[in-house]
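Structure, as structure tokens:
The values are calculated or read from the model by the stated rules, or taken from the named source; none is laboratory data. Remember, predicted model here, so these are calculated numbers, not experimental data. Quick reminder, even Gly has a Cβ in these numbers, built from the backbone with ideal geometry, and neighbours come from all protein chains shown. To get the accessible areas, we keep the full protein, side chains included, count just its heavy atoms, and leave off ligands, DNA and RNA. Shrake-Rupley method; radii C 1.70, N 1.55, O 1.52, S 1.80 Å.
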Amino acid sequence: MSILEREDSPGLVTTTLDHWVAGAPFSGESTRTARVYNPALGTVARNVRLANADDVDAAVQAARTAFPQWAGTSWAKRQQVMFAFRELLNQRKEELAAILTAEHGKVLADALGEVARGLEVVEFACGMATHAKGEFSENVSTGVDVYSLRQPLGVVGIISPFNFPAMVPLWFFPIAIAAGNTVVLKPSEKDPSAANWMASLMREAGLPDSVLNVVHGDKVAVDALLQHPDVASISFVGSTPIAKYIYETASAHGKRVQALGGAKNHMLVLPDADLELTADAAVNAGFGSAGERCMAISVVVAVEPVADELIEKISDRMRSLTVGDGTRGCDMGPLITREHRDKVAAYLEVAAEDGAAVVVDGRRVEADGDADGFWLGPTLIDNVPTTSRVYQDEIFGPVLSVVRVDSYDEGLELINASRYGNGTAIFTNDGGAARRFQREVQVGMIGINVPIPVPVGHFSFGGWKDSLFGSAKAYGPEAVNFFTREKAVTSRWLDPSHGGINLGFPQNG
């Protein structure tokens with residue numbers, strides 16, 4: 001039975017996910033919907049509404065109406081809401097993780113890890129009163145003081161990707177809201193339910209209605225946000241072509257933009273590296289979340305003579321991985337859609353045509369799950385030419401390539417020649433080599449014997465080159481600056497000694 005037959009079966013799809021506007025579900029005017037799959041079953045779990053421009057405008061106007069009161073709310077009250085949200089999210093993280101597994105496919109342990117990393121940013125936002133403090137200089141000129149204020153922007157838009165339906169929104173909206181902004185969030189239509197769940201939880205934490213709104217949709221909704229005159233900024237994470245489009249379009253409409261794009265992350269392995277540790281790291285970083293993450297390691301750059309031994313160790317570990325339904329204790333789940341699975345699998349044919357060797361073929365996986373799930377097992381490809389699309393493209397799946405080089409310098413040159421500059425790692429026991437690498441590599445986030453160098457919540461996340469458009473990174477100090485505007489105030493007050501009434505006892509001048 002085909003997927004279409006299942007979808008068209010009476011009674012199978014019984015729910016349609018609404019938008020969330022003004023603190024409640026909102027159906028909007030548009031009648032268009034999209035299918036939301038359970039990737040482990042290959043079946044449709046629900047439909048989701050796709051907003052038109054009027055629906056987006058309704059959400060923006062709700063946020064615009066709520067902004068003055070929320071911006072005028074004390075730091076103490078905003079902080080109380082964020083602390084309450086943090087506690088509720090931590091208490092109910094298993095519930096959110098189950099939603100992520102059901103709609104994205106990642107295993108429950110990975111989903112819980114996603115929530116935990118999002119919680120780091122919520123905790124950072126709980127200290128916004130400290131992070132957004134201004135500065136004060138007394139007596140810069142005679143009787144003149146200068147001080148600065150940081151104030152919110154207004155209505156801010158967030159457009160988040162399918163691969164982290166909880167963590168990426170949590171990178172943005174807690175900081176934006178804690179700083180006094182109101183938010184319109186457009187999550188991926190492929191796994192939209194987490195956004196509504198978090199918006200409802202924020203309301204439970206005491207957030208006033210209309211401060212956080214969710215609109216679901218496709219490019220129609222995206223363009224409506226990018227062009228809306230009442231939206232002050234746009235925050236985005238996704239592929240490089242879309243990030244560039246977001247940056248150029250939103251900037252042309254006078255908005256601040258955070259636009260984080262794609263990646264092709266390398267792991268440089270020097271001959272002195274601990275190969276047991278390196279093999280573990282390569283498997284963890286290459287195949288976690290089925291490789292559907294912008295910080296996945298997709299290329300192992302092996303400095304000879306370590307490649308053969310390292311490939312053997314990686315292959316041994318790959319054979320012990322279980323692929324299947326994320327609720328069954330497997331190591332790796334399915335890919336997000338059938339179309340994406342087929343696109344990723346097609347790269348194995350490209351690899352063979354380009355002369356690479358497929359060491360472990362994920363198309364042959366026997367998954368612990370429904371036969372119609374969107375399965376592709378961990379894949380390892382050796383001797384990948386740098387001219388191949390397998391090397392050049394962001395595959396965004398469980399495909400790990402090996403490129404062999406003869407020296408550190410050759411490996412560094414290879415990494416720096418990449419159009420992407422998101423994350424990279426070096427594995428070595430040589431402190432001098434590691435220090436040189438962190439200085440010379442042209443990448444925004446670097447791991448030293450750490451395969452996925454995602455900074456903790458009080459630093460900022462973002463890459464270089466085609467991995468970031470503009471200069472604004474996500475979360476941490478740069479996000480505080482992004483979601484606030486600075487005012488500088490120069491003041492002078494007359495000294496009371498200038499004259500006027502004085503009831504003190506007269507003294508001789």
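Here are the numbers:
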{"quantity": "Failed criterion for Arg32 (all others in (1) more than 29 Å from Thr101 (Cβ to Cβ); (2) over 26 Å from the mean Cα position of the chain (by Cα) hold)", "calculated": "(1)"}
{"quantity": "Selected residue (criterion: farthest from Met295 (Cα to Cα)) from residues of segment 451-471 that are open to solvent by 40 Å² or more (accessible area, probe 1.4 Å) and free of Cβ contacts under 8 Å to residues at least 60 places away in the same chain", "calculated": "Ser471"}
{"quantity": "Number of positions in segment 435-471 that are among the aromatic types (Phe, Trp, Tyr) and either assigned to a loop (DSSP other than H, G, I, E, B) or on the phi > 0 side of the Ramachandran plot (or both)", "calculated": "1"}
{"quantity": "Residue in segment 291-313 that is surrounded by 17 or more Cβ atoms within 10 Å (Cβ to Cβ), among the charged types (D, E, K, R) and either in contact with a Cys (Cβ under 9 Å, 6 or more places away or on another chain) or under 15 Å from Asp361 (Cα atoms) (or both) present", "calculated": "no"}
{"quantity": "Selection within segment 266-300 - within 19 Å of His340 (Cβ to Cβ) and among the polar types (S, T, N, Q)", "calculated": "Ser289, Ser298"}
{"quantity": "Qualifying residue in segment 178-188 (condition: farther than 18 Å from Gln79 by Cα and either assigned to a helix (DSSP H, G or I) or over 17 Å from the mean Cα position of the chain (by Cα) (or both))", "calculated": "no"}
{"quantity": "Which listed residue is touching a Cys at 6+ places or on another chain (Cβ under 8 Å) and either modelled with pLDDT under 95 or open to solvent by less than 10 Å² (accessible area, probe 1.4 Å) (or both), from Ala166, Ala178, Ala97, Ala111", "calculated": "Ala178"}
{"quantity": "Filter result for Gln227 (of a type outside the set (A, V, I, L, M, F, W, C), in contact (Cβ under 8 Å) with a residue 40 or more places away in the chain and either farther than 25 Å from Thr33 by Cβ or open to solvent by 50 Å² or more (accessible area, probe 1.4 Å) (or both))", "calculated": "no"}
{"quantity": "Top-ranked residue of segment 292-312 - restricted to ones that are closer than 13 Å to Ala281 by Cβ and assigned to a loop (DSSP other than H, G, I, E, B), ranked as farthest from the chain's Cα centre (by Cα)", "calculated": "Ala296"}
{"quantity": "Test: Gly333 is within 29 Å of the chain's Cα centre (by Cα), under 13 Å from Gly397 (Cβ atoms) and open to solvent by less than 50 Å² (accessible area, probe 1.4 Å)", "calculated": "yes"}
{"quantity": "Phe83 being surrounded by fewer than 24 Cβ atoms within 10 Å (Cβ to Cβ) and either part of a loop (DSSP other than H, G, I, E, B) or without any contact (Cβ under 8 Å) to a residue 12 or more places away in the chain (or both)", "calculated": "no"}
{"quantity": "Residue, farthest from His104 (Cα to Cα), within segment 194-218, restricted to residues that are within 19 Å of the chain's Cα centre (by Cα) and in a helix (DSSP H, G or I)", "calculated": "Ala199"}
{"quantity": "Long-range neighbours under 7 Å by Cβ, at least six apart or interchain, first residue of a type in the set (D, E, K, R) within segment 426-437, second at pLDDT 95 or above and open to solvent by 10 Å² or more (accessible area, probe 1.4 Å)", "calculated": "Asp430/Leu270; Asp430/Asp272"}
{"quantity": "Selected residue [surrounded by fewer than 18 Cβ atoms within 10 Å (Cβ to Cβ) and small (Gly, Ala, Ser)] from Ser210, Ser233, Ser193, Ser200", "calculated": "Ser200"}
{"quantity": "Residues within segment 411-436 that are closer than 24 Å to Glu478 by Cβ and either open to solvent by 30 Å² or more (accessible area, probe 1.4 Å) or among the aromatic types (Phe, Trp, Tyr) (or both), tallied", "calculated": "3"}
{"quantity": "Any hit, segment 26-37, residues being open to solvent by 10 Å² or more (accessible area, probe 1.4 Å), on the phi > 0 side of the Ramachandran plot and modelled with pLDDT of 95 or more", "calculated": "yes"}
{"quantity": "Selection count, segment 428-465, where residues are farther than 22 Å from Ala116 by Cβ and within 16 Å of the chain's Cα centre (by Cα)", "calculated": "3"}
{"quantity": "Segment 1-25 - residue that is modelled with pLDDT of 95 or more and in contact with a helix residue (DSSP H, G or I) (Cβ under 7 Å, 6 or more places away or on another chain) and, of those, surrounded by the most Cβ atoms within 10 Å (Cβ to Cβ)", "calculated": "His19"}
{"quantity": "Positions within segment 230-247 being more than 20 Å from Met167 (Cβ to Cβ) and either in a loop (DSSP other than H, G, I, E, B) or without any contact (Cβ under 8 Å) to a residue 40 or more places away in the chain (or both), in sequence order", "calculated": "Asp230, Pro241, Tyr245"}
{"quantity": "Subset of segment 114-138 (residues that are within 26 Å of Gln91 (Cα to Cα), open to solvent by 40 Å² or more (accessible area, probe 1.4 Å) and of a type in the set (Asp, Glu))", "calculated": "Glu120, Glu123"}
{"quantity": "Residues being open to solvent by 50 Å² or more (accessible area, probe 1.4 Å) and part of a helix (DSSP H, G or I) - total across segment 376-394", "calculated": "2"}
{"quantity": "From the options Gly373, Gly397, Gly432, residue that is in a helix (DSSP H, G or I) and on the phi < 0 side of the Ramachandran plot", "calculated": "Gly432"}
{"quantity": "Segment 138-163: number of residues that are among the hydroxyl-bearing types (Ser, Thr, Tyr), modelled with pLDDT of 95 or more and not in a strand (DSSP E or B)", "calculated": "1"}
